[in-house]
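In what follows, a structure is listed as structure tokens, so that the remarks can point back to it.
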């Protein structure tokens, strides 16, 4: 199965939800007027896109309808797809791993799929011919290191770990040293799942970032936040909290196949101006792909 087919499968619940609401609007199609646009706006809001973003999309669509004299149902739908695509392409989603070594710091709350995402991304980068080291810097949760080790072994990557309760920044420090010794291309660092109200965990994240800045000042750095698609609009508050602590460079969207709330990513990207860099649509090690906005929109709306 090609990735687009996996994406369509993974987005099936979201697509069904989207299609039902959008197609219900068009099933009563009479003409392209304000009533139609207002119904489309409501359909987007009900599809978890978010009120603010839905208003912006329809406002842009309204201007296009007038400017381009759009009168046909299919043309309205195509324009809607293009407006959504434009939001998702506003920020550059290229993974910047230009230096040797480069570093990827992975953050997010507990239960979003950080461990599996790291394993899948490590496997993908390794398939591109690069040497990857993984740092198990989530030293707060007993099972975290064991789970990560399973994925590191599956991906065929070296892993740096320490005893439970060890200072996470010291694990990252050791991992940077080993990455340099092995002349590895990419270091991927796991971190403890944290919420904005856990100040000591956020402080640990700042400490890790300082170690990276000191030991790899000129390295390409990606700080990727893992978001569980099932969270829907609630993910916006998670992103805002992390943005205050670290400069998030991209989003890894997981668990799309288990939710009808995949449309929320449109609002998250639009409101935070952070690109989606990876998208996960399954449980296998190769079920992680670089995000393609055109494929996403085409899988979402026929």
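If r is the Cβ-Cβ distance from residue 127 to residue 234 and R0 is 35 Å, what FRET efficiency results, to the nearest 0.05?
Values: r = 33 Å, r/R0 = 0.96.
Here the calculated transfer efficiency is 0.55.
Computed extension gain for residue 273 through residue 298, at 0.36 nm per residue and net of the alpha carbon distance, reaches 6.9 nm.
Given axes a ≥ b ≥ c from the Cα gyration tensor, I'd like to know whether region 16-60 is rounded (a/c under 1.5), prolate (a/b larger than b/c) or oblate. It comes out oblate by the Cα gyration axes.
Before anything else, pin down the relative contact order of region 163-230: Cα pairs under 8 Å, at least 6 apart, normalised by residue count, whole percent.
Working: 28 pairs, mean separation 24.4, N = 68.
Taking the mean separation of contacting Cα pairs over the length of region 163-230, I get 36 percent.
Grouping the Cα pair distances of region 231-283 into 10 Å bins from zero gives a pair-distance distribution of 24, 57, 18, 0 percent in increasing distance order.
Rounded to the nearest 10 degrees, what's the angle between the helix 142-155 long axis and the longest principal axis of the chain, both from Cα atoms, 0 to 90? With rounding to tens, the tilt is 80 degrees. In plain terms, the residue of 189, 157 with the fewest other Cβ atoms within 10 Å comes first and the most crowded comes last, giving 157, 189. Using a cutoff of 8 angstrom between alpha carbon atoms and counting only pairs six or more residues apart, the relative contact order for region 109-154 works out to 47 percent.
Run the helix sum for the chain: -39,500 (n - 2.57) per DSSP H stretch of 4+ residues, divided by residue count, reported at 222 nm to the nearest 500 deg cm²/dmol.
On the way: 12 runs with 156 residues, N = 302.
Result for the chain: -16500 deg cm²/dmol, rounded to the nearest 500.
Please quote Rg/Rh for the chain to two decimal places, taking the Kirkwood radius as Rh and restricting both calculations to Cα atoms.
Values: Rg = 20.7 Å, Rh = 20.1 Å.
Expressed as Rg/Rh, it is 1.03.
Does region 131-219 come out rounded, prolate or oblate by the C-alpha gyration tensor, with a ≥ b ≥ c the root eigenvalues, rounded set by a/c under 1.5 and, if not, prolate when a/b is larger than b/c and oblate if not? Oblate, since a/c reaches 1.5 and b/c is not below a/b.
Show me the three semi-axes of the equivalent ellipsoid for region 65-143, from the C-alpha gyration tensor (sqrt of 5 times each eigenvalue), largest first, rounded to whole Å.
Numbers: eigenvalues 333, 61, 25 Å².
In descending order, the three semi-axes are 41, 17, 11 Å.
Model label sites at residue 20 and residue 90, defined 7 Å from Cα along the beta-carbon direction, differ in position by 2.9 nm.
Using Cα pairs under 8 angstrom and six or more residues apart, how large is the relative contact order of the chain, in percent? List each step's numbers first, then the result.
Values: 559 pairs, mean separation 83.1, N = 302.
Answer for the chain is 28 percent.
What angle, in degrees between 0 and 90 and rounded to the nearest 10, separates the Cα long axis of helix 51-68 from the longest principal axis of the Cα atoms of the chain? With both axes taken from Cα atoms, the answer is about 50 degrees. Rg then Dmax, both in Å and based on the Cα atoms of region 1-115: 18.1, 59.
Relative to the longest principal axis of the Cα atoms of the chain, the long axis of helix 199-215 makes an angle of roughly 70 degrees. Directionally averaged projected area (region 180-295, Cα convex hull): 8.6 nm².
Arrange 94, 231, 179 by Cβ neighbour counts within 10 Å, fewest through most, would you? Intermediate results must be reported in sequence, preceding the final value.
Numbers: 94 10, 231 21, 179 28.
Going from least to most buried by this count: 94, 231, 179.
No lab work stands behind these numbers, since they all come straight from the coordinates. None of the values given here were measured: they were computed from a predicted structure. Glycine also receives a Cβ, built like all others from the backbone with ideal geometry; neighbour counts cover every protein chain displayed.
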